[in-house]
1. For the range 142-177, which positions are part of a helix (DSSP H, G or I), without any contact (Cβ under 8 Å) to a residue 40 or more places away in the chain and over 17 Å from residue 59 (Cβ atoms)?
2. Any chance the range 83-104 includes a residue that's hydroxyl-bearing (Ser, Thr, Tyr), farther than 19 Å from residue 156 by Cβ and touching a residue at least 40 places away in the same chain (Cβ under 8 Å)?
3. Of 56, 24, which residue is farther than 24 Å from residue 181 by Cβ and free of Cβ contacts under 8 Å to residues at least 60 places away in the same chain?
4. Looking at the range 11-25 only, could you name the residues that are part of a strand (DSSP E or B) and farther than 27 Å from residue 94 by Cα?
5. Determine whether the range 165-182 contains at least one residue that is among the polar types (S, T, N, Q) and either in contact with a Ser or Thr (Cβ under 8 Å, 6 or more places away or on another chain) or buried (at least 18 other Cβ atoms within 10 Å of the Cβ) (or both).
6. Could you check how many residues of the range 26-51 are among the charged types (D, E, K, R), surrounded by 10 or more Cβ atoms within 10 Å (Cβ to Cβ), out of contact with any helix residue (DSSP H, G or I) (no Cβ under 9 Å at 6 or more places or on another chain) and outside any strand (DSSP E or B)?
7. Quick one: in the range 1-10, which of the residues that are loosely packed, with under 14 Cβ neighbours inside 10 Å and part of a strand (DSSP E or B) is farthest from the chain's Cα centre (by Cα)?
8. What are the residues in the range 64-88 that are part of a strand (DSSP E or B) and of a type outside the set (A, V, I, L, M), if any?
Amino acid sequence: MNFIPTKLSGCFILEPKVIHDSRGYFMESFNEKTFQDGVEQSVKFVQDNQSFSSKGVLRGLHYQSGEYAQAKLVRVLQGEVLDVAVDIRPESETYGQYVAEVLSAENQRQLFIPRGFAHGFLVLSETATFFYKCDNFYNKESEGGIIYNDAQLNINWQLKQEELLISEKDTQLPELNNAKKVW
């Protein structure tokens with residue numbers, strides 16, 4: 001497994017070693033020791049989540065706050081998405097900055113998003129199955145979010161506004177300056 005640091009401290013792109021032969025392929029998608037050595041921190045995942053979405057579906061930007069803050073390890077099992085992590089750690093040098101990475105079943109890349117980040121993704125293929133591990137349990141009262149088109153963040157989502165399919169809840173999220181604090 002290759003761990004590639006992003007411009008945001010603690011956030012990594014993971015590239016697994018994929019072994020191909022005439023039968024197909026094999027890869028180790030997660031190994032606790034390799035993972036913890038690669039991200040240089042102890043992370044214990046406690047919950048796995050999976051979603052299926054069609055092209056243009058934008059989910060996010062979401063996070064959990066306080067004692068329910070979550071780190072996530074995200075990947076795509078089928079299809080392709082633009083995955084976005086936004087640093088919302090108040091004391092961070094990269095507060096308000098984001099990384100965007102195309103994750104797909106083809107490239108098998110994963111993104112590790114530490115606690116203190118908002119997360120969202122946009123489906124670029126006809127459909128996509130998105131899978132992620134969380135290191136903390138979901139808590140409704142700790143939900144936080146930031147509107148996907150916040151001018152301060154200026155995220156390039158790669159599709160036109162009229163192509164986006166966004167839940168009513170996600171269209172009502174506040175801008176970063178008015179969002180619930182992560183800590």
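All of the numbers you see were taken from the coordinates with simple rules; none came from a lab. Treat the numbers as computed from the prediction; the structure is a model and nothing was measured. Positions of Cβ are generated from backbone atoms using ideal geometry, with glycine treated the same way; all protein chains shown enter the neighbour counts.
1. Initially, the range 142-177 is screened for residues part of a helix (DSSP H, G or I), giving 142, 161-163, 168-171, 176-177.
After this cut, where a residue has to be without any contact (Cβ under 8 Å) to a residue 40 or more places away in the chain as well, the list is 161-162, 168-169, 171, 177.
Across the range 142-177, the qualifying residues are 162, 177.
2. Of the residues in the range 83-104, the ones hydroxyl-bearing (Ser, Thr, Tyr) are 92, 94-95, 98, 104.
Add one more test, that the residue is farther than 19 Å from residue 156 by Cβ, and what stays is 92, 95.
When the remaining residues are screened for being touching a residue at least 40 places away in the same chain (Cβ under 8 Å), the result is 92.
Scanning the range 83-104, I find at least one residue that is hydroxyl-bearing (Ser, Thr, Tyr), farther than 19 Å from residue 156 by Cβ and touching a residue at least 40 places away in the same chain (Cβ under 8 Å), so the answer is yes.
3. Working: 56 fails: free of Cβ contacts under 8 Å to residues at least 60 places away in the same chain.
After ruling out the rest, the residue left standing is 24.
4. Taking the range 11-25 first, the residues part of a strand (DSSP E or B) are 12-15, 18-21, 24-25.
Scanning the range 11-25 gives 18, 19, 20, 21, 24, 25.
5. Within the range 165-182, the subset among the polar types (S, T, N, Q) is 167, 171-172, 177-178.
If we keep only those that are either in contact with a Ser or Thr (Cβ under 8 Å, 6 or more places away or on another chain) or buried (at least 18 other Cβ atoms within 10 Å of the Cβ) (or both) as well, we get none.
For the range 165-182, residues among the polar types (S, T, N, Q) and either in contact with a Ser or Thr (Cβ under 8 Å, 6 or more places away or on another chain) or buried (at least 18 other Cβ atoms within 10 Å of the Cβ) (or both): absent.
6. 3
7. Looking at residues that are loosely packed, with under 14 Cβ neighbours inside 10 Å and part of a strand (DSSP E or B), I get 2.
8. Matches in the range 64-88: 64, 72, 75, 78, 80, 83, 87.
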